[in-house]
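Here's the structure, in structure tokens; my notes come after.
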Amino acid sequence: MTIAETQTTMFEFTGNNLCLDFCNTLNDRKDNPRELLTSYDKLLLWGQEAHILTEDEAQLLDVEAKEHRWEAEAVLKQAIELREAIFRLILSRIHGTPPAETDVATFNTVLSHAMAHSYIVPGEHDFAWGWLPEKRALDRLLWPVVRAAADLLTSEELEDVRICASDTCGWLFIDQSKNHTRRWCDMKSCGNRAKARKHYSQKKQTL
Ligand SMILES: [Zn+2]
């Protein structure tokens, strides 16, 4: 299914960063996790909604995936392993604990593979990053994700990464609020649920 066929997006993009939005493809991480990347198709849809794949690129990969099912399955498995490694690496910084060596190794393996496909493009006054036009590489949508994660992990912005204050959610976001007081991944969902719970328990206490 393409975005054009769906009225609304299936995935949410509240993380303010590509790699955090990728981490947020697992719902209720802290309690009863629900996987959103349940197939290679879903991974392609996420790539389109994240604007790292055009509709044509996704369609080409879809055809390729149907011809190489096992390879597509392996890419999906790698995507989830990468996502979880990114999540734990970021969490280790949030909690001030050392990252697991296995997570660093998993991350670096995908990163070095991705960087082998990157190049720079001269512009009028500066340069931009580009990716080699390997349109049939099933894992190509992981390349910008892992590079965004490497950029974030090595930047000062890492200090502003927060985990949603919900007891269940576990989504990550960069707090870009003026006073650095953002607590929820999304005020409309997690924030409102927490407010409703607080209201209910206060009401119960006054009864
Ligand atoms: Zn949340």
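The values are calculated or read from the model by the stated rules, or taken from the named source; none is laboratory data. What you see is a predicted model; the values in this text were computed from it and never measured. Don't worry about glycine lacking a Cβ; one is built from the backbone with ideal geometry, like all the others, and counts go over all protein chains shown. These accessible areas exclude ligands, DNA and RNA; they are computed on the full protein's heavy atoms, side chains included. Shrake-Rupley method; radii C 1.70, N 1.55, O 1.52, S 1.80 Å.
At-a-glance table
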read-out	value
Dipole in debye (nearest 20) - the stretch 67-207, about Cα centre, beta carbon charges: Lys, Arg +1; Asp, Glu -1	1240
Table column - 3J(HN,Hα) (Hz), the stretch 71-87, Karplus curve with 6.51, -1.76, 1.60, x for Gly and Pro	5, 5, 4, 5, 5, 4, 4, 5, 4, 6, 4, 5, 4, 5, 5, 4, 4
Simple Cβ-charge dipole of the stretch 106-168, Lys/Arg +1 and Asp/Glu -1, about Cα centre, in debye nearest 20	480
The chain - Cys residues lacking any other Cys C-beta under 4.7 Å	19, 23, 190
Label-point separation, residue 27 to residue 105 (7 Å along Cα→Cβ), nm	3.5
Mean separation of Cα contacts under 8 Å, 6 or more apart, over the residue count of the stretch 89-172: relative contact order %	26
Extension gain (nm, one decimal) between residue 175 and residue 97, 0.36 nm per residue minus Cα-Cα	26.0 nm
Unit charges at the beta carbon, dipole of the stretch 131-174: most positive-side option, 158, 169, 142	142
The stretch 11-144, accessible surface, carbon-and-sulfur percent (1.4 angstrom probe)	54
Rg(Cα)/(2.2 N^0.38 Å) for the stretch 32-87, N = residue count	1.14
Residue 147 accessible area, assembled protein chains, probe 1.4 Å, Å²	40
Solvent-accessible area of residue 42 with every protein chain in place, 1.4 Å probe, in Å² to the nearest 10	60
Out-of-range pairs (alpha-carbon distance over 23 Å; input 77/188; 30/178; 42/77; 42/66)	77/188; 30/178
Total charge dipole magnitude, the stretch 1-152, about the Cα centre, Cβ charges on Lys, Arg, Asp, Glu only, Debye to nearest 20	420
Extension gain (nm, one decimal) between residue 157 and residue 134, 0.36 nm per residue minus Cα-Cα	5.2 nm
Under the Karplus curve 6.51 cos²θ - 1.76 cosθ + 1.60, θ = phi - 60°, whole-Hz ³J(HN,Hα) for the stretch 46-62, x wherever Gly or Pro sits	4, x, 5, 5, 7, 6, 9, 9, 7, 4, 4, 5, 5, 5, 5, 5, 5
Net length gained if the chain between residue 36 and residue 64 were fully extended (0.36 nm per residue, minus Cα distance)	7.9 nm
For the stretch 1-158: relative contact order, % (alpha-carbon pairs under 8 angstrom, 6 or more apart)	23
Calculated FRET value between residue 55 and residue 126, using beta carbons and R₀ = 22 Å, to 0.05	0.15
